[in-house]
Structure formats: C-alpha cells, structure tokens
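The values are calculated or read from the model by the stated rules, or taken from the named source; none is laboratory data. Computed from a predicted structure; not experimentally measured. Note: ideal-geometry Cβ built from the backbone for every residue, glycine included; neighbour counts use all protein chains shown. Please note that ligands, DNA and RNA were not included when accessible areas were found on the heavy atoms of the full protein model with its side chains. Shrake-Rupley method; radii C 1.70, N 1.55, O 1.52, S 1.80 Å.
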Amino acid sequence: MQTPEASRTVKVAVIPGDGIGTEVMDPTLRILEAIGGKHGLDFVWQHYDWSCEHYTRTGRMMPEDGLDRLAEADQILLGAVGYPGVPDHVSLWGLLIPIRRTFRQYINLRPVKLLRGIESPLRLQQDQSIDFVVIRENNEGEYSEVGGRLYRDTPEEVAVQEAIFTRRGVERAARYALELASTRRRRLASATKSNGIVHTMPFWDQVVHEVAADYPDVEVRDYHIDALAALFVLDPGRFDVVVASNLFGDILTDLGAAIIGSIGIAPSGNLNPEGEHPSMFEPVHGSAPDIAGQGIANPLGQIWAASMMLDHLGHPDAGAEVLAAVEATLDAGVRTPDLGGTATTTEVADAVLEHLATGAITARTAGTGEAAP
Ligand code: GGG
C-alpha cells in the first residue's frame, strides 16, 4: 500500500479494452471522480483504446511503446480483453500478460465476499457467510511461453507447454498470502495437485510450508484443486485465504465469483506490492460479447476493482465508502440481469453515485432500476 501523502494527484491509465469493458469503464470513472472529490484525490485519466479492435486496425493489441507509456501512470484500470475474430491467446499475450509481467504484478488479489443485498446461488445455512480472499500467483506457473509446436497440421503434430515455478515466485506469493491470513482469521488453504503433477506441485507444497514456518499462528492446509473446487460449493465458510498458482487461481476465482452471485461483480487487483511499478485493477469477467452493446453489463465488478485501487493507493476509507455504496445499491434492489434484475449499467452506476452523494438511494421498484411511484 502506498502512503496517502504521495497520491493527492493520481495518474491513472485507463484501458477499457473490448466488449462490455468499454461499457463499465465510464461509469466507474464517474464514481472515482465523485469519491476523489470527497477525499481530496485528483484523478488524471490517460485514455488508451488498446483492444482487439486496435489489433485488427494495426496488427498490435497496443503500440510498440505501450508499456513505456503505462510506466508513467501511477495505476492502471483495465476493463476486459478479447473479442471474436482475434484468437484469445493473441489478445491476452498482446496486452494483459505483458502488463502483469513487465510491472511485476506478481500478486493477483481476488476477494470472494458475499455482499449485502445478494443471495448466493448456494443453499447457505443461516449463520454461514462467504468471505475469503484468493491470492493467485500472477507472473509464472502454467501461464508460460516456454514450449512450442512441431510438425504443424500433420498427423504427427506435437504441442509442448512447460509450466515454470521458481522458488522466488512461489515464496513471495506464499508470504503475501500468509501475511494477509495473519491479519484475518489465520487460516491458509493452499491449492495443489501434487498427486498428479509430479514435479511442480510437490515443489509448490514444499515452498509454501517452508515459508509458513515463519507464521506459526496461521493454520496451513493443502487441498488438491479438485477437492478445493468442490469445497468452494459445499463449504465455502471454511475458507479465509486461499493461495494458488496462476491457472488454478484463475479457475477458482470464476467459481468464487459464481458463488457470490455473479461473475459480473467480482473484482481483481494485479499488485506490485512494493509500489515500484503501477498496479492494475480489473474485473474478473471478460468482454462478454454475448451481451455487449445492450447496456446491461454489470458495472459493479469494475467499480469494486476501483475501490481496491483506492485501498492500494492508501485511501482505505474511500475504498470502503465505494464498497458500501455498492452494497447499498444491491440492497435497494438495483441490479442488472445477471443478478436477476432489469436495471441497466447506467442505472446501477447512478444508484452508486447517488449513495455517495447523499448517503441513501431513492426507493426504487425492486430490480427495475426505476424510481418507485
Ligand atoms: N478483465 C480482464 C479480462 O478480460 N479477463 C479475462 C481473462 O480471460 N483473463 C485471463 C486471466 O486473468 O488470466
């Protein structure tokens, strides 16, 4: 976390990207401007149209000097990446992954918290809640460029993909997760598959437990990823902090988003914990071409990600105020269709803004987004 003194004027690189990313970004910037006004933060937006559309025009997801330009920003807000017509590996490796790696955003922090006003699709007991955090290792693991394809388009074709796990990479993810657990309920679940993945996963387990020796107050337990996924559904209340490799963390957090109501609300922070480089905040969801252009995308994942950016900037009061406004909006029944409502993206964002301005939301007909008569 950076010091509040250092961040009165905050330069934010804004990359809406593709599909619904372009629809949820503008409302989020309005909300950041409103909260910035209340907390003495002056945002300077640096807008970049880097996207699949940019790729089809120029052959690149971002210009050659794109990363140099981003380096000038304090933080980055990203919408979504990917669109039909551009292969997914092209869009991801042309934009999102180089940003995560160049800026050493080695922690991907993904809260899985059931917000007030949302019902989980799970049948939770009265006293059960869902409130845990997944720490996804964000720079290595299964997301690797090492490998290749031989004898393309022949019956002998071979594809090889190497997973890369370094001691440094696993140690720093484990330490971040253990530090976090020690400020929470002191329980760490580590995602593994050491029965089937014979080299990297026993190594992961070993390093996690070596680091855990420095945190005797944190109870650490390994779970095979398949059992862990089942327990997210059957007993989510048992989890406090979960640490996982890049791919496992990615898959788990879509499931995490589902159990808190919708992938549309889940946020994500790609953190460079040392603050030597910008961090990047994005919703967990992708560009959702199936609903793009209809004005019904849920903006709350992007808004919650913006609240995480405020926390990271050293303004947790501002971050908490935005999240409280999000919860109040949901509690007032103002919801997009993914949450069973009929409100539009703008109506949801307007309700968040209204709460920030007045501390309340005008009574609305539940789920319609319209003011009650
Ligand atoms: N919100 C950014 C986005 O579009 N994410 C979709 C995605 O597939 N991301 C892959 C990843 O997080 O590794």
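Specify which of the listed residues (Ser262, Ser287, Ser268) is outside any strand (DSSP E or B), within 12 Å of the ligand (Cβ to nearest atom) and among the hydroxyl-bearing types (Ser, Thr, Tyr). Let's see the steps before the verdict.
Working: Ser262 fails: within 12 Å of the ligand (Cβ to nearest atom); Ser268 fails: outside any strand (DSSP E or B).
The unique qualifying residue is Ser287.
Condition check ((1) in contact with a helix residue (DSSP H, G or I) (Cβ under 8 Å, 6 or more places away or on another chain); (2) open to solvent by 40 Å² or more (accessible area, probe 1.4 Å); (3) under 15 Å from Glu282 (Cβ atoms)) across all residues:
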position: Gly17; (1), (2), (3): yes, no, yes
position: Glu23; (1), (2), (3): yes, yes, yes
position: Glu33; (1), (2), (3): no, yes, no
position: His39; (1), (2), (3): yes, yes, no
position: Asp49; (1), (2), (3): no, yes, no
position: Cys52; (1), (2), (3): yes, no, no
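Residues are listed down the side, and each one gets a yes or a no for (1) under 30 Å from Tyr176 (Cβ atoms); (2) open to solvent by less than 10 Å² (accessible area, probe 1.4 Å); (3) outside the structural domain of Ala34 (by TED's automatic domain parsing); (4) of a type in the set (Phe, Trp, Tyr):
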{"position": "Glu274", "(1), (2), (3), (4)": "yes, no, no, no"}
{"position": "Pro278", "(1), (2), (3), (4)": "yes, yes, no, no"}
{"position": "Pro289", "(1), (2), (3), (4)": "no, no, no, no"}
{"position": "Gln294", "(1), (2), (3), (4)": "no, no, no, no"}
{"position": "Pro299", "(1), (2), (3), (4)": "yes, yes, no, no"}
{"position": "Ile303", "(1), (2), (3), (4)": "yes, yes, no, no"}
{"position": "Ser307", "(1), (2), (3), (4)": "yes, yes, no, no"}
{"position": "His315", "(1), (2), (3), (4)": "yes, no, no, no"}
{"position": "Val348", "(1), (2), (3), (4)": "no, yes, no, no"}
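Please determine, by comparing only the residues of the range 121-148 that are within 16 Å of Ala229 (Cα to Cα) and assigned to a loop (DSSP other than H, G, I, E, B), which one is least open to solvent (accessible area, probe 1.4 Å). Don't jump to the end; show me each part of the working.
First, the residues of the range 121-148 that are within 16 Å of Ala229 (Cα to Cα): 121-122, 130-136.
Add one more test, that the residue is assigned to a loop (DSSP other than H, G, I, E, B), and what stays is 121-122, 130.
Details: Pro121: 94, Leu122: 34, Ile130: 3 Å².
Per the criteria, the residue is Ile130.
Can you name every residue in the range 218-245 that is of a type outside the set (A, V, I, L, M, F, W, C) and buried (at least 24 other Cβ atoms within 10 Å of the Cβ)? Lay out the reasoning, then the answer.
Residues of the range 218-245 that are of a type outside the set (A, V, I, L, M, F, W, C), as a first pass: 219, 221-224, 226, 235-238, 240, 245.
Correct list: Ser245 only.
Of all residues in the range 122-160, which are among the β-branched types (Val, Ile, Thr) and free of Cβ contacts under 8 Å to residues at least 60 places away in the same chain?
Quick first cut of the range 122-160, residues among the β-branched types (Val, Ile, Thr) only: 130, 133-135, 146, 154, 158, 160.
Passing the criteria: Val146, Thr154, Val158, Val160.
Can you work out which of the residues in the range 104-120 that are in a loop (DSSP other than H, G, I, E, B) and within 15 Å of Gly169 (Cβ to Cβ) is farthest from the ligand (Cβ to nearest atom)? I'd like the intermediate steps shown before the answer.
If we filter the range 104-120 for residues that are in a loop (DSSP other than H, G, I, E, B), which is where we start, we get 104-106, 114-120.
Going one step further and asking which of them are within 15 Å of Gly169 (Cβ to Cβ), we end up with 104-106.
Values: Arg104: 16, Gln105: 11, Tyr106: 13 Å.
Among those residues, the one meeting the criterion is Arg104.
Just to be sure, is Val90 over 28 Å from Glu171 (Cα atoms) and not in a loop (DSSP other than H, G, I, E, B)?
On the way: over 28 Å from Glu171 (Cα atoms): yes; not in a loop (DSSP other than H, G, I, E, B): yes.
Against the criterion (over 28 Å from Glu171 (Cα atoms) and not in a loop (DSSP other than H, G, I, E, B)), Val90 qualifies.
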